[in-house]
Amino acid sequence: MIIAKSNQMVMMDQKAIKAYTIPGVVLMEHAAMAVCEMVPKGSQSILVVCGVGNNGGDGFAIARNLIQRGEKVTVLGVGNPLQLKNDAKIMYDCFAHIETGLFWYEVCSEKKLDQLFQNCDVIVDAIFGTGCNRVVSDGYLDVIGRMNQRKAYVISVDIPSGVNSDNGKIMGVCVKANLTVTFTLPKLGNILYPGARASEALKVVDIGIPQKILEGFVFEYETIDQDTLKRLPSRRTDGHKFTYGRILIIAGSEDMSGAAYMSALAAYRTGTGLVEILTHESCRISLQCALPEAIVRTYQDSNKSLEKVFETLNLDNYDAILIGPGLGQSDVAKRLIELTLAQPSVPIVIDADALNLLSENMDILLASSAPIIMTPHVGEMSRLTQFPSEAILENTIEFAQAFSKSNQVITVLKSHRTVVCNPEGFTCINLCGNDGMATAGSGDVLAGVIASLVGQGLEPYKSSVFGVAIHSLAGDLASDNIGRHGLMAKDIIEAIPKIMMENDQLND
Ligand SMILES: NC(=O)C1=CN([C@@H]2O[C@H](COP(=O)(O)OP(=O)(O)OC[C@H]3O[C@@H](n4cnc5c(N)ncnc54)[C@H](O)[C@@H]3O)[C@@H](O)[C@H]2O)[C@@H](O)CC1
Ligand SMILES: [K+]
């Protein structure tokens, strides 16, 4: 699903109004009617709270349409009514002509305000939409506080008032809604935390912006959701094992052979034809027993042994390389990274320990000409950038975008809302997955899935986006089967083939 920035919404509205001569009030009326559809019929009493911008204009039109439907409606205006202008003023005038149930906050007694909020069972929040650009204060603060104290069903128009539509930040305080009805496309603030948490549900409705206008825009932001995999290219039916990719997974160390196993198994389950593992000698037997389908190559604890292995290993033979899961942080692991990043052309997925080692010497990354995907979680991103985790968590998109741009890599920044971006600034935000996936090995699985897709010939950015989708949809399926508490990485792996199969069936 495409996501819009607020300036893109303004440009689209303006294009519809100017180039397509659709009057702004027509769009507003469509918006209002779409919201009315979501207001439960026969409510006892509906309170519509309107600001004085265009979001308030929507509110006045909603109130008029609800009255037309026979509902009992009261309107509370917040702000200076003299600031109402253009479309919002027209909608206000249309409302004022038919109804007197309008109170302005500034001139409302405390008693009346209490009464208004006590008597309603539905509240429509039309205070601020995409225009909320500063901290909420004064009367607005009081009204939002009153709304949040009520047990009424709250519907926010476009975005919960108080949420910044471009970054999901809360401008001091925001409305807590049961449902948000947003227009044309979701805004970043509807999708990003903490703003996304302000509404229990989100519905996107069409208000009549011509499809051609949308097609003329380049949208940098998209969600990763249930529909993402529909665009996954279907698997060739006439291939042999090398058609589906030969990948090298450089992973595992004395204490962590399981990480190599998780990544390799996930890659096979995602459809890779041949997985080879390069690991520490101590992991050989356990890996060969657990995953006899993989070819296992090993090195001993010395750079000399490693270099000998590399003499016989032609990295160009692989369609993709994954380095890092459970690799450890020994000197040999450091040398492994140098040798791997020195090859110029095979795409490399860099995960886990390889990220930590790189953070100590970013020059290796900058010197590499290979296409690179990096999959840090917030802590690893903190080590890579030297910024505190808290700052990164609050600005995942900005950090991922800046990292991709300055290092010319694809970044998969993992958190409860994983972000994938490329150096050109295109960004996908993951809406799937669940907290059960926050478990050891889950990241190894994701890295294996992405490496598998790259190895099957998909372009690195798309592989990362589809990889995050497969991983989180598999996590959701696993949690449907066994719940979130005891979910383990191998449950995610087991669900991958089913996700791929269901997707094939949908696309057939
Ligand atoms: N014809 C149109 O232009 C359409 C507009 N639409 C609606 O218009 C909205 C955007 O309208 P606007 O750009 O007028 O913006 P808003 O209605 O979100 O609010 C802007 C107004 O609130 C004030 N404001 C912002 N933050 C404040 C704060 N923290 N405290 C006090 N005042 C604050 C601004 O100074 C301005 O007066 C959309 O979200 C959507 O609901 C839709 O109806 C679609 C059509
Ligand atoms: K709103």
Inset, instruction - Report, in whole Å, the centroid distance computed from the Cα atoms of segment 411-454 and segment 113-181. - result: 32 Å
Legend entry - Å² per residue, accessible surface of the chain at 1.4 Å: 43 Å²
Inset, instruction - Using only Cα atoms, find the angle between the long axis of helix 331-342 and the longest principal axis of the chain, and express it within 0 to 90 degrees, rounded to the nearest 10. - result: 80 degrees
Inset, instruction - Quick one: order His97, His240, His30 from most to least accessible surface, probe 1.4 Å. - result: His97, His240, His30
Inset, instruction - Starting from 0 in steps of 5 Å, tell me what percent of the Cα-Cα pairs of segment 235-310 lands in each bin. - result: 3, 16, 27, 21, 15, 10, 5, 2, 1
Legend entry - Over the chain: Rg over Rh, Cα atoms, Kirkwood Rh: 1.08
Legend entry - Calculated FRET efficiency for the pair Met1/Asp316, C-beta based, R₀ 30 Å, to 0.05: 0.20
Inset, instruction - Compare Glu293, Glu200 by solvent-accessible area with a 1.4 Å probe and give them largest first, with all protein chains kept in place. - result: Glu200, Glu293
Inset, instruction - Name the long-range amide H neighbours of Ile249: under 5 Å, sequence gap of 5 or more, or other chain; modelled H, no Pro or chain starts. - result: Glu276, Ile277, Leu278, Leu322
Inset, instruction - Relative to the longest principal axis of the C-alpha atoms of the chain, give the angle of the C-alpha long axis of helix 489-507, reported between 0 and 90° and rounded to the nearest 10°. - result: 70 degrees
Inset, instruction - Run the accessible area of segment 36-182 with a 1.4 Å probe and give the carbon-and-sulfur part as a rounded percent. - result: 49 percent
Inset, instruction - Round to a whole angstrom and tell me the spacing of the C-alpha centers of segment 279-338 and segment 70-94. - result: 68 Å
Inset, instruction - State whether segment 109-154 is rounded, prolate or oblate according to the following rule on the C-alpha gyration tensor (a ≥ b ≥ c being the square roots of its eigenvalues): a/c under 1.5 gives rounded; otherwise a/b larger than b/c gives prolate, and the remaining case gives oblate. - result: oblate
Legend entry - On Cα atoms only, tilt of 460-482 relative to the major axis of the chain in degrees: 80 degrees
Inset, instruction - Taking a cut-off of 20 Å between Cα atoms, list the lysines near Lys41, but don't count ones fewer than 8 places away on the same chain. - result: Lys72, Lys151, Lys203
Inset, instruction - Just grab the label-to-label distance for Ile364 and Arg284, each label 7 Å out from Cα along the Cβ direction, in nm (one decimal). - result: 2.4 nm
Inset, instruction - Pop out the ³J(HN,Hα) list for segment 387-395 in order, Karplus 6.51 cos²θ - 1.76 cosθ + 1.60 with θ = phi - 60°, rounded to Hz; leave Gly and Pro as x. - result: 9, x, 4, 4, 5, 5, 4, 6, 9
Inset, instruction - Can you tell me the order of 12-22, 273-283 when each peptide is scored by its average per-residue count of other Cβ atoms within 10 angstrom, highest first? - result: 273-283, 12-22
Legend entry - Phe242-Thr298 FRET efficiency (beta carbon distance; Förster radius 25 Å; 0.05 resolution): 0.60
Legend entry - Order by protection proxy (mean Cβ within 10 Å, highest first), peptides 398-408, 368-378: 368-378, 398-408
Legend entry - segment 229-507, accessible surface, carbon-and-sulfur percent (1.4 angstrom probe): 51 percent
Inset, instruction - Please identify every one of the trypsin sites (Lys or Arg not before Pro) in segment 183-239 that sits in a loop by DSSP and has no more than 14 other beta carbons within 10 Å of its own beta carbon. - result: Arg235, Arg236
Legend entry - Rg ratio (alpha-carbon, reference 2.2 N^0.38 Å) - segment 389-452: 1.13
Legend entry - Separation of the Ser330 and Glu307 label points, Cα + 7 Å toward Cβ, nm: 1.7 nm
Inset, instruction - Just grab the label-to-label distance for His485 and Leu179, each label 7 Å out from Cα along the Cβ direction, in nm (one decimal). - result: 3.3 nm
Legend entry - Long-range tail of P(r) for segment 2-215 (Cα pairs > 27 Å, %): 23 percent
Inset, instruction - Provide the per-residue ³J(HN,Hα) series for segment 115-120, in order, calculated from phi with Karplus coefficients 6.51, -1.76, 1.60 and θ = phi - 60°, each as a whole number of Hz, with x at glycine and proline positions. - result: 4, 4, 6, 6, 8, 9
Inset, instruction - Quick one: which residues, 5 or more positions from Thr180 or on another chain, have an amide H under 5 Å from its amide H? H modelled 1.01 Å from N in the peptide plane, none for Pro or chain starts. - result: Ser156, Ala201, Leu202, Lys203
Inset, instruction - Take peptides 190-196, 444-450, 411-417, 81-87 and line them up by average Cβ neighbours within 10 Å, highest first, as a rough protection proxy. - result: 444-450, 411-417, 190-196, 81-87
Legend entry - Antiparallel %, DSSP beta bridges [both residues in segment 229-507], to 5: 20 percent
Legend entry - Calculated FRET efficiency for the pair Arg231/Ile98, C-beta based, R₀ 45 Å, to 0.05: 0.40
Legend entry - Those GluC sites (Glu not before Pro) in segment 351-391 that DSSP places in a loop and that have at most 14 other beta carbons within 10 Å: Glu360
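The values are calculated or read from the model by the stated rules, or taken from the named source; none is laboratory data. Please read these numbers as outputs of a predicted model, since none were measured by experiment. Please note: Cβ atoms are built from the backbone with ideal geometry, for glycine as well, and neighbour counts cover all protein chains shown. Side chains included, ligands, DNA and RNA excluded: accessible areas come from the protein's heavy atoms. Shrake-Rupley method; radii C 1.70, N 1.55, O 1.52, S 1.80 Å.
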